[in-house]
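*Asks:* Here it is, the structure in full.
The values are calculated or read from the model by the stated rules, or taken from the named source; none is laboratory data. What you are looking at is a predicted structure, and each value in this text was computed from that prediction instead of being measured. Positions of Cβ are generated from backbone atoms using ideal geometry, with glycine treated the same way; all protein chains shown enter the neighbour counts.
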Amino acid sequence: MNKGKNIKLNKNKIINIFSRLKDESNKKLEDDKETIIMEKEEKERLQKEREISTKEIENLKNEINELERQMAIIRKHNDELDAQLKSSQAKQTILENELAAGRKEVEILNELNQRLQKERQEMQK
């Protein structure tokens, strides 16, 4: 019976080993399933973040394009204002020159008038 006892003990050991291996395998399988679920959730979260980031990037690109368009309009308007300013400055210079010439002419006419009046007064004496 010793042999039978040994066989039974060996059988029990083998059953215990297989049972422990099965438990370990089931535990590993559950851990792996949990890991897969967590990784899948993380992947979905990252995909959503990527979509949001992609939309934000697209919106920022559109905003940059709009700002560049507005800058071009402002530059054109600025160039037009510069041209108007230069034209106005040139007109102002012409008017200032004409005014100076007119004052000089009035001065000369006043001097002439004074001389003529002086001569007239001398003739009347």
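*Asks:* Quick check: is even one residue across the stretch 12-32 surrounded by fewer than 10 Cβ atoms within 10 Å (Cβ to Cβ) and either over 44 Å from the mean Cα position of the chain (by Cα) or at pLDDT 95 or above (or both)?
*Replies:* No - not one qualifying residue is present in the stretch 12-32.
*Asks:* For a quick check of your reading of the model, give me the residue pairs whose first member lies in the stretch 6-21 and is touching a residue at least 60 places away in the same chain (Cβ under 8 Å), whose second is outside any helix (DSSP H, G or I) and basic (K, R), with beta-carbon atoms closer than 6 Å and at least 6 apart or on different chains.
*Replies:* Correct list of pairs: empty, since none qualify.
*Asks:* Next question, about the same structure. Which residue pairs have Cβ atoms under 6 Å apart, sit 6 or more places apart or on different chains, and have a first residue in the stretch 105-125 that is exposed (fewer than 10 other Cβ atoms within 10 Å of the Cβ) and a second that is aromatic (F, W, Y)?
*Replies:* none
*Asks:* Within the set of pairs 6+ apart or on separate chains, which have a first residue in the stretch 83-104 that is part of a helix (DSSP H, G or I), a second that is among the aliphatic types (A, V, I, L, M), and C-beta atoms under 6 Å apart?
*Replies:* Partner pairs satisfying both residue conditions: none exist.
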